[in-house]
Amino acid sequence: MSSSAIDGVPAIELRALRKTYKLRRTETVAVDGLDLVVNRGEVFGLLGPNGAGKTTTVEICEGLTIPDSGTVSILGRQWGQGEDHAIRARIGVCLQETKFHENANVREVLSLFRSCFDQGRSVDEALALVSLEEKQDARQKSLSGGQRQRLAVATALLGDPELLFLDEPTTGLDPQSRRQLWSVVRDYQAAGGTVLLTTHYMEEAQQLCDRVAIVDRGKIIALDSPADLIKSLAAEHFILIDGEQSPSDEDLLAVPEVVAVERQTERIVLTVESVRGALPLLLQIFSARGIEIDGLSTRHATLEDVFVDLTGQSLRDGEDQ
Ligand SMILES: Nc1ncnc2c1ncn2[C@@H]1O[C@H](COP(=O)(O)OP(=O)(O)O)[C@@H](O)[C@H]1O
Ligand SMILES: [Mg+2]
């Protein structure tokens with residue numbers, strides 16, 4: 001990475017960004033007045049459901065989409081001001097979907113991309129970064145989804161970028177491939193790189209990101225570290241109790257640490273401020289009323305809960321978990 005990585009300006013600065021798509025008579029506001037600063041050295045996540053405007057935002061940062069209004073500063077430079085080549089030399093781009101020629105093998109794809117950069121890493125270095133050395137002679141069609149995705153990331157790393165864009169890098173991948181990609185991102189960050197990634201997997205955001213912006217309908221509705229976003233919820237823990245019968249809401253809410261009661265089929269989910277504080281009193285209530293408990297578990301709040309709390313909607317879109 002070049003020494004210009006420490007020249008003081010943020011990696012990304014977006015101000016009042018707006019982008020509308022017009023298709024025949026319908027108008028979609030994809031990005032609706034978005035402000036964002038991504039600092040050098042951080043892994044920053046845009047988290048939101050499909051259609052939230054994540055890809056549009058990232059493609060504006062990458063210089064692939066022109067916003068209707070607002071300002072975009074990438075490593076201190078602006079697109080369309082005669083510096084596009086200089087920006088491009090310092091960023092790595094991994095699009096939401098990348099298709100390489102089916103008959104090209106891994107080494108050929110990387111060699112072709114390498115020829116686009118004046119400076120950068122060798123093909124062998126890029127192969128090692130994503131642990132694809134053993135697959136260098138394999139054609140596209142024989143690669144797994146995870147291997148293809150790592151190849152796409154390798155093409156983005158060939159120019160030795162200071163700033164890496166990853167749009168849904170692990171969507172559709174199995175858990176093992178997902179973890180392999182996470183370690184590529186962590187290694188890149190450990191070497192001083194900055195990452196803007198998008199995801200609709202809250203676990204991914206929680207695992208990888210220093211800070212997360214929750215995006216909904218083209219707007220940022222929350223921005224903080226994953227831990228602090230979760231702390232911002234009134235209560236961070238849940239107690240799940242299974243059984244055919246249960247005490248009344250009134251009885252359950254009489255326990256001071258219980259914040260909310262949700263009833264599901266043969267299960268109650270209690271939002272609590274503290275599991276340790278609430279549990280003994282809850283068990284007393286069940287026992288005093290002679291109500292049997294078939295199962296009991298606890299869980300901590302996740303970014304999913306933050307999203308539900310903010311929007312009343314679920315982040316998941318069916319394919320996840
Ligand atoms: N090229 C396009 N033409 C028309 N509408 C688009 C286009 N790209 C995205 N959109 C719309 O803009 C909104 C935001 O899309 P996108 O940025 O892809 O969201 P995300 O990446 O969060 O799923 C969606 O409603 C989508 O349908
Ligand atoms: Mg997208």
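The values are calculated or read from the model by the stated rules, or taken from the named source; none is laboratory data. Keep in mind that this is a model prediction, so the values were computed, not measured. As a convention, Cβ positions derive from the backbone with ideal geometry for all residues, glycine included, and neighbour counts pool all protein chains shown. Please note that ligands, DNA and RNA were not included when accessible areas were found on the heavy atoms of the full protein model with its side chains. Shrake-Rupley method; radii C 1.70, N 1.55, O 1.52, S 1.80 Å.
Summary table below
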| read-out | value |
| --- | --- |
| Enumerated strands (runs of 3 or more DSSP E) restricted to segment 205-321, each holding at least 2 residues that are over 30 Å from V43 (Cα atoms) | 237-242, 258-264, 267-272, 295-300 |
| Selected residue [surrounded by 19 or more Cβ atoms within 10 Å (Cβ to Cβ) and within 16 Å of ligand 2 (Cβ to nearest atom)] from V130, V106, V93, V72 | V93 |
| D35 more than 12 Å from ligand 1 (Cβ to nearest atom) and under 30 Å from T302 (Cβ atoms) | yes |
| Odd one out for E102, checked against (1) touching a helix residue (DSSP H, G or I) at 6+ places or on another chain (Cβ under 6 Å); (2) within 15 Å of ligand 1 (Cβ to nearest atom); (3) more than 21 Å from G120 (Cα to Cα) | (2) |
| Residue within segment 169-177 that is within 21 Å of K54 (Cα to Cα) and away from ligand 2 (no atom under 16 Å from the Cβ) present | no |
| Near pairs, Cβ below 7 angstrom, 6+ apart or cross-chain, from segment 77-102 (without any contact (Cβ under 8 Å) to a residue 60 or more places away in the chain) to any residue that is among the aliphatic types (A, V, I, L, M) and within 16 Å of ligand 2 (Cβ to nearest atom) | T98/A152 |
| Selection count where residues are part of a loop (DSSP other than H, G, I, E, B) and either at pLDDT below 95 or farther than 19 Å from A205 by Cβ (or both), scope segment 1-14 | 6 |
| Residue selected from segment 199-217 under the condition modelled with pLDDT of 95 or more and not hydrophobic (A, V, I, L, M, F, W, C), by the criterion surrounded by the most Cβ atoms within 10 Å (Cβ to Cβ) | R211 |
| Output for segment 189-208, where each listed residue is within 16 Å of ligand 1 (Cβ to nearest atom) and touching a strand residue (DSSP E or B) at 6+ places or on another chain (Cβ under 8 Å) | L196, L197, T198, T199, H200, M202, E204, A205 |
| Residues that are open to solvent by 40 Å² or more (accessible area, probe 1.4 Å) and either away from ligand 1 (no atom under 13 Å from the Cβ) or within 23 Å of the chain's Cα centre (by Cα) (or both), drawn from segment 18-27 | R18 |
| Meets criteria (modelled with pLDDT of 90 or more, surrounded by fewer than 16 Cβ atoms within 10 Å (Cβ to Cβ), of a type in the set (A, V, I, L, M) and not assigned by TED's automatic domain parsing to the domain that holds Q207) for A278 | no |
